[in-house]
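The structure appears right after this line, and notes come after that.
The values are calculated or read from the model by the stated rules, or taken from the named source; none is laboratory data. What you see is a predicted model; the values in this text were computed from it and never measured. Glycine gets a Cβ as well: all are built from the backbone with ideal geometry, and neighbour counts include every protein chain shown.
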Amino acid sequence: MELEKNTARIRHICAFLSKGGGTLQEMLDWVNRRLENNGDREIGQRVLETCISKLRKGDFEHSRRDEEIKKGQSMFPVVVIDKKYYRWDPALKEFPIFGSLDEDERFTLPFLVGILERYKSIPSVLKILEELPGIFNVDKKDMESSSAIIHGGAMMYDNNNDRFQEALIQCVIKILSHISMGDWIEFNYSKVHENRQITSLHEVAPLQIRLYENYYYLIATDKKQKKVLQFRVDQIHRLRVDLANQDDEVFQNKFNRKELEHALDLKSRFNNTLGVWIHHANDSLHEIDIEFTDWAASYIRHLKFHPSQQVISEDEQSNKIVIRFKLLMSPESNSDEETDDKSVYKEKSRNFELSFLLGRFRGFAKVLSVRPA
């Protein structure tokens with residue numbers, strides 16, 4: 001307990017020295033103000049001098065604690081000028097690294113908590129949120145400031161189930177456990193374009209969970225292990241996933257995930273798609289140039305929707321920007337309706353995810369060209 005107290009005090013001393021140092025009294029006032037903010041008891045000059053001595057020796061909890069130093073030398077030299085001004089040795093290249101946060105890092109904690117709050121239905125995230133104060137020696141005041149940062153966006157819900165998001169997360173976690181164990185699984189599934197009451201049984205080897213546009217997708221393969229399949233997890237009937245029928249010879253042995261991923265080339269499967277779309281073998285890579293104007297130009301300027309995305313030209317005066325994507329496109333079809341409106345891709349487009357992306361920009365996004373890459 002005393003070691004923890006000394007480490008906390010030394011952390012404040014190091015923050016004081018890192019800001020340029022000062023007199024012993026200024027150091028004492030600095031340390032005591034921070035101890036008071038954390039609800040800890042103030043210290044006197046004698047305790048402060050003891051902590052400075054421990055700092056020099058490295059006698060506190062830090063990353064180099066197990067290292068030995070030569071007799072008469074200091075691990076973290078503190079220089080005293082004119083017997084009153086304390087500062088770091090200018091030659092010191094490595095400062096103490098603590099398990100807790102320094103003054104500047106503490107301001108990043110509310111940002112982290114704000115992000116994690118929306119995922120606290122995940123057990124491990126909830127545990128992290130509960131243990132953050134102890135891990136980083138953070139007081140209640142710092143934790144409460146997380147309410148100053150609000151992270152918006154769509155959340156998963158169901159009008160008939162108040163705990164739908166929690167149940168969905170539990171289903172995802174269960175699938176992840178089956179992926180880890182190499183288990184074949186089965187579930188009833190409703191296709192996204194069909195009546196929810198219509199379900200079909202699927203028996204698959206689960207390979208990945210991908211999060212795209214707020215939805216969780218299961219990437220899997222079928223019994224023959226030759227085809228990559230995609231399922232939206234929230235469409236799994238009652239969010240129930242079970243082990244596949246063990247009486248079937250196909251499922252007697254567990255699958256090897258690494259071997260399957262290699263055989264299906266899963267690592268590069270989604271390199272040239274915007275999200276989770278499973279492209280056909282005859283789809284080919286194309287360069288698509290799109291001009292964004294007005295508010296759409298400002299919107300897309302600092303958002304990268306795909307690794308291939310690059311700025312081709314920009315006119316700040318008229319607020320126009322041309323963006324290029326390299327994506328897989330399906331072959332042109334003669335049955336597609338002819339249209340002069342290329343501001344968005346229609347339903348019969350050659351890339352549905354690109355159509356979905358551009359649809360939000362309406363007339364402020366215009367497709368300039370589509371050509372083989």
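Values as computed for the structure displayed
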quantity: Residue within the stretch 67-77 that is farther than 11 Å from PRO96 by Cα, in contact with a Gly (Cβ under 9 Å, 6 or more places away or on another chain) and of a type in the set (Gly, Ala, Ser) present; calculated: yes
quantity: Condition broken by ALA220, with the remaining ones in (1) closer than 30 Å to GLN165 by Cα; (2) surrounded by fewer than 19 Cβ atoms within 10 Å (Cβ to Cβ) satisfied; calculated: (2)
quantity: Residues located in the stretch 5-30, provided they are over 11 Å from TRP88 (Cα atoms), hydroxyl-bearing (Ser, Thr, Tyr) and assigned to a helix (DSSP H, G or I); calculated: THR7
quantity: Within the stretch 271-315, considering residues that are among the hydrophobic types (A, V, I, L, M, F, W, C) and without any contact (Cβ under 8 Å) to a residue 12 or more places away in the chain, the one farthest from ARG360 (Cα to Cα); calculated: ALA281
quantity: Leading residue by the ranking (nearest to TRP88 (Cα to Cα)) among those in the stretch 36-46 that are without any contact (Cβ under 8 Å) to a residue 24 or more places away in the chain and outside any helix (DSSP H, G or I); calculated: GLY44
quantity: Filter result for LYS54 (out of contact with any Asp or Glu (no Cβ under 6 Å at 6 or more places or on another chain), among the basic types (Lys, Arg) and surrounded by 14 or more Cβ atoms within 10 Å (Cβ to Cβ)); calculated: yes
quantity: Any chance SER53 is within 16 Å of VAL78 (Cβ to Cβ) and free of Cβ contacts under 8 Å to residues at least 40 places away in the same chain; calculated: yes
quantity: Residues located in the stretch 356-372, provided they are more than 17 Å from LEU328 (Cα to Cα) and in a helix (DSSP H, G or I); calculated: GLY359, ARG362, GLY363, PHE364
quantity: Count - residues of the stretch 111-149 that are at pLDDT 70 or above and part of a helix (DSSP H, G or I); calculated: 17
quantity: Exclusive hit being outside the structural domain of GLU131 (by TED's automatic domain parsing), assigned to a helix (DSSP H, G or I), out of contact with any strand residue (DSSP E or B) (no Cβ under 7 Å at 6 or more places or on another chain) and loosely packed, with under 13 Cβ neighbours inside 10 Å, set ARG33, ARG65; calculated: ARG33
quantity: Subset of the stretch 1-14 (residues that are crowded, with 16+ Cβ neighbours inside 10 Å and among the aliphatic types (A, V, I, L, M)); calculated: ALA8, ILE10, ILE13
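Okay, residues lined up against (1) modelled with pLDDT of 85 or more; (2) under 18 Å from ARG64 (Cα atoms); (3) of a type in the set (Asp, Glu):
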site	(1), (2), (3)
GLU4	no, yes, yes
PHE16	yes, no, no
LEU24	yes, no, no
ARG33	yes, no, no
GLU36	yes, no, yes
GLY39	no, no, no
GLU42	yes, no, yes
GLN45	yes, no, no
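Residues checked against (1) crowded, with 16+ Cβ neighbours inside 10 Å; (2) assigned to a helix (DSSP H, G or I); (3) modelled with pLDDT under 90:
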| site | (1), (2), (3) |
| --- | --- |
| GLN165 | yes, yes, yes |
| VAL172 | yes, yes, no |
| ASP183 | yes, no, no |
| LYS191 | no, no, no |
| GLN197 | no, no, yes |
| ARG210 | no, no, no |
| LYS224 | no, no, yes |
| ASP234 | yes, yes, no |
| ARG238 | no, yes, no |
